[in-house]
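Quick one: structure below, then a few questions.
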């Protein structure tokens, strides 16, 4: 069977599976729709959380980022896993004990205020839409590369699938499809990684392989060889990195705290039966996530090594087939600056911006010509780092079914995250805004209908953002984590660990965190990107890491405001006492 | 809640804070300490082919995070039982 038909087969089968599960697990009540009835087994929830959490960025982009930034990529590895420690130790069990449906539910009740609830809803919606636009784009890119349809049609397919299981099944449908999607995506990630590690080092376990000797007869460790090869070409050592220590520190912190504050992740812990189950479920989630996250550094490093070795000083006509495939997809380019017909891969950009190909024109070696202004350095090769995971099976010359598997896995990663995000958006609208703020007298049936309607609207908006991505989408993933770190995390944390934090303090803290973080990221990423250099950054912290300062500001403002305003009412203090104790989980509140 | 029960709840909370505090100290030390601030210094040693600080940043801290959560699961359950507040 050809690779192309295998891809159709694998993707078709996986989609049929997701829809089948959705039909079997339809939501019948708001409890089903928002939190899957609150009876999900901790291991099942852990797996669903892993799929929910690992997005198109984890599956497709992370290994590529690590491949091209080496040590600097550690911020994602530590940041996106360390957050689960915070979640397990500081938030999940208490929020489960509190026992309602949404994150704004907690903030609204703990800070005895509709205003606090609405501020939380605003933060949640900004975070979730920023995130979801990237997921739909990821779906479109996989479709375009592997299924020979346009990006737009791919997005529409993706929307239709998510629509079926998120709108019908709610959290219940999403939970069980996410379990299936986790299995697809982790299998798709690990299989090529085993092959690649085995080919390079003779050890199939990538975590060990990356620390082993290469079997190319050089007698060098894989990382030693990579450091040497890159330094010979003028790059920095792979294992050193280029970001400043303070920036690495701030980015890691913002990603960790942001992870713990992401509503679509937190809400997964509302679905388990009790507080102690929430603790263990966070542990399982990290087990399933760590399988991918400890593999990614090896995938990245071997991909970089394979890439350099198959490109450097290679004459274009004898370049590997994948090189020309991806060039045809606009994601690789070569400009023969010195006219020797061979590709030189060096530091710096080969030309300015992303490639703009001259229509139909090819150069003397057969390469596609470019209109971009040339740069003065010696680098001749442009490569989009997002292709590394997708191109890996081809670079390592793996069989067609592995390529098909990777396509299905990339779609599973993007769809599962999109569905989780759609759910928190729709429950924020139907539950927090409609039921709890503006129309407390709606019946349960009306609320469920409103939730489905809101999910439908959110799918359409997400699809629109996927088809017409605002130029800033790729630029502002930092928004989602930064805002979560600077708003929701501190508010929830203080709500549990401080009995004295009051309404005024929490609202002031969230607003300051929100405005500061948006302003800082917006200034450097959207309004004045030219100024985005280390010299202009506050304390040397890049926009990616500024959420950690936003968090500190939130804490500082909240603590000072609460010291000068009215104390917390006695019944809310009782509520805090009640959520701190595991016994009695299931009761909605302590009074 | 009567006075006894309230006192027990406070003692439970103090024990819980001590546990969470010590686990977070390890969490901080392995990631921000070994993986970031002390990384260059630790890189003078190797673990297999990995420079040690690099290993902490890209592998070790993740394994330690896992151990921390499961240690919390076990130790927190023990405290819950000791104070009679398990769910």
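The values are calculated or read from the model by the stated rules, or taken from the named source; none is laboratory data. Just so it is clear, the model here is predicted, and its values are computed rather than measured. Reconstructed Cβ throughout: ideal geometry from the backbone, glycine too, with neighbour counts over all protein chains shown.
Got a sec? Which strands (runs of 3 or more DSSP E) wholly within segment A:330-372 have at least 2 residues that are without any contact (Cβ under 8 Å) to a residue 60 or more places away in the chain and under 20 Å from residue A:320 (Cα atoms)? Write out each step before concluding.
On the way: elements: A:332-334, A:357-362, A:368-370.
Passing ranges, in order: A:332-334, A:368-370.
Residues of segment A:275-314 being at pLDDT 90 or above and touching a strand residue (DSSP E or B) at 6+ places or on another chain (Cβ under 6 Å), which ones?
Residue satisfying the conditions is A:275 alone.
Just a yes or no: is a residue in segment A:272-286 within 16 Å of the chain's Cα centre (by Cα) and either buried (at least 20 other Cβ atoms within 10 Å of the Cβ) or outside any helix (DSSP H, G or I) (or both)?
Yes: segment A:272-286 contains one or more residues that are within 16 Å of the chain's Cα centre (by Cα) and either buried (at least 20 other Cβ atoms within 10 Å of the Cβ) or outside any helix (DSSP H, G or I) (or both).
I'd like the full set of residues that are surrounded by fewer than 19 Cβ atoms within 10 Å (Cβ to Cβ), assigned to a helix (DSSP H, G or I) and touching a residue at least 24 places away in the same chain (Cβ under 8 Å), limited to segment A:564-576.
Initial filter on segment A:564-576 (surrounded by fewer than 19 Cβ atoms within 10 Å (Cβ to Cβ)): A:564-567, A:569-571, A:573-574.
Narrowing the set further to residues that are assigned to a helix (DSSP H, G or I) leaves A:570-571, A:573-574.
Once the filter is applied, which keeps residues that are surrounded by fewer than 19 Cβ atoms within 10 Å (Cβ to Cβ), assigned to a helix (DSSP H, G or I) and touching a residue at least 24 places away in the same chain (Cβ under 8 Å), segment A:564-576 yields only A:573.
Residue by residue, here is whether (1) assigned to a helix (DSSP H, G or I); (2) closer than 19 Å to residue A:565 by Cα; (3) touching a helix residue (DSSP H, G or I) at 6+ places or on another chain (Cβ under 7 Å) holds:
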residue	(1), (2), (3)
A:488	yes, no, yes
A:491	yes, yes, yes
A:495	yes, yes, yes
A:508	yes, yes, yes
A:519	yes, no, no
A:525	yes, no, yes
A:530	yes, no, no
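Hey, among A:224, A:231, which residue is within 14 Å of chain B (Cβ to nearest Cβ), assigned to a helix (DSSP H, G or I), more than 19 Å from residue A:544 (Cβ to Cβ) and free of Cβ contacts under 8 Å to residues at least 24 places away in the same chain?
A:224
Going through segment A:65-94 one residue at a time, which ones are more than 10 Å from chain B (Cβ to nearest Cβ), farther than 29 Å from residue A:391 by Cα and surrounded by fewer than 24 Cβ atoms within 10 Å (Cβ to Cβ)?
Residue satisfying the conditions is A:94 alone.
While we're on this one: Restricting attention to segment B:40-63, does a residue exist that is at the interface with chain A (Cβ under 7 Å from one of its Cβ atoms), within 18 Å of residue A:88 (Cβ to Cβ) and surrounded by fewer than 21 Cβ atoms within 10 Å (Cβ to Cβ)?
no
Looking only at segment B:69-87, filter to residues that are without any contact (Cβ under 8 Å) to a residue 24 or more places away in the chain and more than 7 Å from every other protein chain (Cβ to nearest Cβ); which one of those is nearest to residue A:584 (Cα to Cα)?
The residue in question is B:81.
While we're looking at this one, here's another question. How many residues are closer than 14 Å to residue B:68 by Cβ and at the interface with chain A (Cβ under 7 Å from one of its Cβ atoms) if we restrict to segment B:1-31?
Number satisfying all stated conditions: 5.
Report whether or not residue A:267 is away from chain B (no Cβ under 11 Å), farther than 26 Å from residue A:65 by Cβ and touching a residue at least 60 places away in the same chain (Cβ under 8 Å). Walk me through how you get there before you give the answer.
Working: away from chain B (no Cβ under 11 Å): yes; farther than 26 Å from residue A:65 by Cβ: yes; touching a residue at least 60 places away in the same chain (Cβ under 8 Å): yes.
So residue A:267 fits the description; yes.
Hand me the list of helices (runs of 4 or more DSSP H) wholly inside segment A:56-101 holding 2 or more residues that are over 19 Å from residue A:579 (Cα atoms).
Output list reads A:62-69, A:74-86.
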